[in-house]
Amino acid sequence: MTNQKNHYLHIICYVAFFSLLFLINYNDLFTLKIANASPMLLVPAVITVSFYYGEWRGFFAGLISGIFIDGVASNIAGFNTILLMLIGLISGLVITHLFNRNIYSACVLSLIASVIYFGAKWLIEYLFIGSADAANYLLFYAAPSAVYTALFIIPFYYVGILINKIKYPQ
């Protein structure tokens, strides 16, 4: 019974964490933008969930996060939902079957996922449409944003450790 209470407590903490990241990512008062690089904070957050809890919880974290992002984003409908869902599932599978569970593998996985996210965004929103600014977007926005987003896995890794240490009081 205590494990089930701890599980619910962890879920509540992650929901609060994701809500905070969502609000930070989509407000105009406080921005984390540096020059042209703008991070997508929910990509490393989904990786954190799949890192600690496996592929299916990462899948559902990506699904729910993607639905909320698509609700406020002005890009192709369903893009973020599908992409974050796949990132959560695949990163959970990779961390379970290929990588060790340490900070180095989390950083590599975050960098790969960020490059995939911003690369797919560039392909769909700029290259396939035939925009004249496709190369500029890739070099001056997508690449720096992918690296900047990947760096957020370091504090999120330790936030995940702190959340996992929370125990329901007896």
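The values are calculated or read from the model by the stated rules, or taken from the named source; none is laboratory data. Fair warning: this is a prediction, and the values are worked out from it, not measured in the lab. Cβ atoms come from the backbone with ideal geometry, glycine included; neighbour counts cover every protein chain shown. Please note that ligands, DNA and RNA were not included when accessible areas were found on the heavy atoms of the full protein model with its side chains. Shrake-Rupley method; radii C 1.70, N 1.55, O 1.52, S 1.80 Å.
Take segment 140-165 and flag every residue that is part of a helix (DSSP H, G or I), within 20 Å of Ala35 (Cβ to Cβ) and open to solvent by less than 60 Å² (accessible area, probe 1.4 Å).
From segment 140-165, those part of a helix (DSSP H, G or I) are 140-151, 153-165; that's our starting set.
Now restrict to residues that are within 20 Å of Ala35 (Cβ to Cβ): 140-151.
Result: Tyr141, Ala142, Ala143, Pro144, Ser145, Ala146, Tyr148, Thr149, Ala150.
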Which pairs turn up if I take residues in segment 101-115 that are open to solvent by less than 40 Å² (accessible area, probe 1.4 Å) and look for partners that are modelled with pLDDT under 90 and not in a helix (DSSP H, G or I) with beta carbon separation below 7 Å, at least 6 apart in sequence or on another chain?
Ser105/Phe99; Leu109/Phe99
Does segment 30-44 contain at least one residue that is more than 20 Å from Pro144 (Cβ to Cβ) and among the polar types (S, T, N, Q)?
no
Looking at (1) over 15 Å from the mean Cα position of the chain (by Cα); (2) surrounded by fewer than 19 Cβ atoms within 10 Å (Cβ to Cβ); (3) assigned to a helix (DSSP H, G or I); (4) not hydrophobic (A, V, I, L, M, F, W, C), which one does Tyr126 not meet, given that it meets all the others?
(2)
Based on what the data block shows, is Asn80 open to solvent by less than 60 Å² (accessible area, probe 1.4 Å) and of a type outside the set (Asp, Glu)?
yes
Can you tell which of Tyr168, Tyr137, Tyr117 is part of a helix (DSSP H, G or I) and modelled with pLDDT under 85?
Tyr137
Filtering segment 17-56 down to residues that are open to solvent by 60 Å² or more (accessible area, probe 1.4 Å), of a type in the set (A, V, I, L, M) and assigned to a helix (DSSP H, G or I), which residue is nearest to Phe68 (Cα to Cα)?
Leu23
With within 18 Å of Ser65 (Cα to Cα) and of a type outside the set (Lys, Arg) as the only criterion, which of Leu93, Leu111, Leu98, Leu86 stands out?
Leu86
